[in-house]
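Accompanying notes for the structure given below.
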Amino acid sequence: MQQGNLTSFEDIRESESAAKETTSFPLLSPVVAEHLNPYTDSVCPSDIHQLLLPDGKRFGLFSDPYATVEYHQPKFGMPNGKYWLETNVNGGEISERELKLIDVLSTNRTMTRRQLERIIFPGMNPQDRAGVEFIKKCRSRGIICAYRWNTPLKDERTKPMAYTLTRYGAEAAEILFRRKVSKDFWSSPVAYTSGQGAKMDLNFVDLASNELYAELVRVDRLVKWERQPAIRADQSTYHYPVAAFEVIRDRGDFLKFWVEVFRPQTDYIQKTAQRFARIRQVYTKLPEHNRPARVLLITDGEARIPLLARLAEQYMPEVPLRFTSDERLLAGIAADTFLEYNVASKKILASTMRFLAEDAPGMRASEFFAETRGSDYDDEFED
């Protein structure tokens with residue numbers, strides 16, 4: 001899978017002034033003691049002790065810093081892609097579910113099966129195999145391809161299969177939605193030799209943020225989602241969050257959020273401080289009505305929160321910040337999905353967003369969209 005320029009907490013557009021602000025904080029990543037390494041049964045790379053979670057727990061499902069892409073059955077269905085594009089898309093024989101699949105992957109880039117199921121099969125019983133069969137059919141038609149990841153770190157958790165568009169799926173998106181699909185959004189699946197696969201870092205950022213996306217769709221509150229939009233405060237001050245989204249709380253009551261994703265990497269203290277400094281620059285210059293209600297930071301584990309909170313207090317104290325983790329999102333949105341950290345008491349506390357509960361009152365996104373579609377049209381040619 002092609003990798004873009006923007007990785008988690010490393011913005012190549014950072015200014016020198018933002019970089020200088022990091023000098024008041026230790027720039028070296030803390031080293032975790034050997035006895036806290038949960039991967040002692042693995043052949044670990046030499047820098048792992050600078051990347052580990054400080055409580056000795058394993059990395060979040062989407063945050064292994066050594067993982068590389070491995071395509072599953074690389075050529076499965078690929079010869080059929082051109083035929084499907086010419087006969088189905090150009091012939092107008094595309095199903096509503098195929099349309100949803102192409103739409104979401106051409107805007108969100110990559111997703112797991114369970115993420116796709118929440119969007120394409122809302123309300124489906126997890127035991128139902130309709131999603132499995134649908135995705136298998138789309139692979140055989142050459143619309144999408146599948147990948148998982150290799151890693152030297154042993155982990156008892158099952159790695160999910162993830163999916164991205166093929167070249168033909170991307171061409172279909174351009175035809176159907178009149179949108180330009182970047183090369184980074186589709187894959188030419190190849191059989192990599194051992195250790196040669198592309199790094200998973202950018203894919204993990206998307207998979208982590210899309211877990212939140214899928215949950216917001218499931219609870220029917222999401223009205224807008226943009227991946228890496230340019231947030232401009234003025235001509236020289238701008239920021240690219242991992243995602244920006246808007247949810248509906250009730251009729252006429254909307255809230256904006258930015259999403260950031262922390263993944264462990266070399267020199268993450270410095271890179272995180274630089275990114276926080278840039279977020280602050282943009283946030284404080286924006287008019288109040290354009291500011292996010294919260295910046296949501298998805299971490300690789302809860303033990304990372306105290307350090308990230310201290311960095312946030314120093315480099316973006318005005319920015320309202322909430323945390324969550326891979327594992328909390330994978331468990332589904334609940335009262336304790338989102339967290340805040342009290343620096344003074346050194347405690348992590350639940351920060352409940354009650355309107356995201358499944359039984360919460362208020363207008364839903366589906367109701368909002370139903371109203372915005374309206375029913376006024378010219379029926380001159382109606383049968």
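The values are calculated or read from the model by the stated rules, or taken from the named source; none is laboratory data. Please read these numbers as outputs of a predicted model, since none were measured by experiment. Reconstructed Cβ throughout: ideal geometry from the backbone, glycine too, with neighbour counts over all protein chains shown.
When the residues of segment 340-366 are filtered to those that are part of a strand (DSSP E or B) and under 22 Å from the mean Cα position of the chain (by Cα), the one that is nearest to residue 316 (Cα to Cα) is 340. Among the residues of segment 203-225, those that are outside any helix (DSSP H, G or I) and in contact (Cβ under 8 Å) with a residue 60 or more places away in the chain comprise 219, 220, 221, 222, 223, 225. Determine whether residue 154 is modelled with pLDDT under 95 and either closer than 28 Å to residue 193 by Cα or among the β-branched types (Val, Ile, Thr) (or both). Spelling it out, residue 154 is indeed modelled with pLDDT under 95 and either closer than 28 Å to residue 193 by Cα or among the β-branched types (Val, Ile, Thr) (or both).
(1) crowded, with 20+ Cβ neighbours inside 10 Å; (2) more than 20 Å from the chain's Cα centre (by Cα); (3) not small (Gly, Ala, Ser): which one isn't true of residue 118, the others all being true? So residue 118 meets the others, but not (2).
Okay, residues lined up against (1) out of contact with any helix residue (DSSP H, G or I) (no Cβ under 9 Å at 6 or more places or on another chain); (2) buried (at least 22 other Cβ atoms within 10 Å of the Cβ); (3) closer than 18 Å to residue 62 by Cβ; (4) outside the structural domain of residue 328 (by TED's automatic domain parsing):
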residue: 211; (1), (2), (3), (4): no, yes, yes, no
residue: 229; (1), (2), (3), (4): yes, no, no, no
residue: 249; (1), (2), (3), (4): no, no, no, no
residue: 269; (1), (2), (3), (4): no, no, no, no
residue: 285; (1), (2), (3), (4): yes, no, no, no
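The set of residues in segment 177-201 that are surrounded by 13 or more Cβ atoms within 10 Å (Cβ to Cβ) and either assigned by TED's automatic domain parsing to the domain that holds residue 259 or closer than 19 Å to residue 45 by Cβ (or both) comprises 192, 197, 198, 199, 200, 201. Within segment 102-115, residues that are over 17 Å from residue 245 (Cα atoms) reach partners that are among the β-branched types (Val, Ile, Thr) and crowded, with 24+ Cβ neighbours inside 10 Å with beta carbons closer than 8 Å, at six or more positions or on different chains, in the pairs 102/143; 110/164. The residue that is surrounded by the most Cβ atoms within 10 Å (Cβ to Cβ), among those in segment 41-51 that are in a loop (DSSP other than H, G, I, E, B) and either assigned by TED's automatic domain parsing to the domain that holds residue 300 or touching a residue at least 40 places away in the same chain (Cβ under 8 Å) (or both), is 51. Restricting the search to helices (runs of 4 or more DSSP H) fully inside segment 68-138 and requiring at least 2 residues that are within 19 Å of residue 162 (Cβ to Cβ) gives 96-108, 113-120.
Of the residues that sit in segment 140-176 and are of a type in the set (Val, Ile, Thr) and not in a strand (DSSP E or B), which one is surrounded by the most Cβ atoms within 10 Å (Cβ to Cβ)? Lay out the reasoning, then the answer.
As a first pass, look at segment 140-176 and keep what is of a type in the set (Val, Ile, Thr): 143-144, 151, 158, 164, 166, 175.
Retained after the next criterion (residues that are not in a strand (DSSP E or B)): 143, 151, 158, 166, 175.
Details: 143: 28, 151: 17, 158: 8, 166: 26, 175: 14.
Step by step, filter segment 140-176, then rank; the result is 143.
Among 248, 231, which is touching a residue at least 40 places away in the same chain (Cβ under 8 Å), in contact with a His (Cβ under 9 Å, 6 or more places away or on another chain) and within 29 Å of residue 325 (Cα to Cα)? It would help to see each step written out before you state the result.
Values: 248 fails: in contact with a His (Cβ under 9 Å, 6 or more places away or on another chain).
Going through 248, 231 in turn, the sole match is 231.
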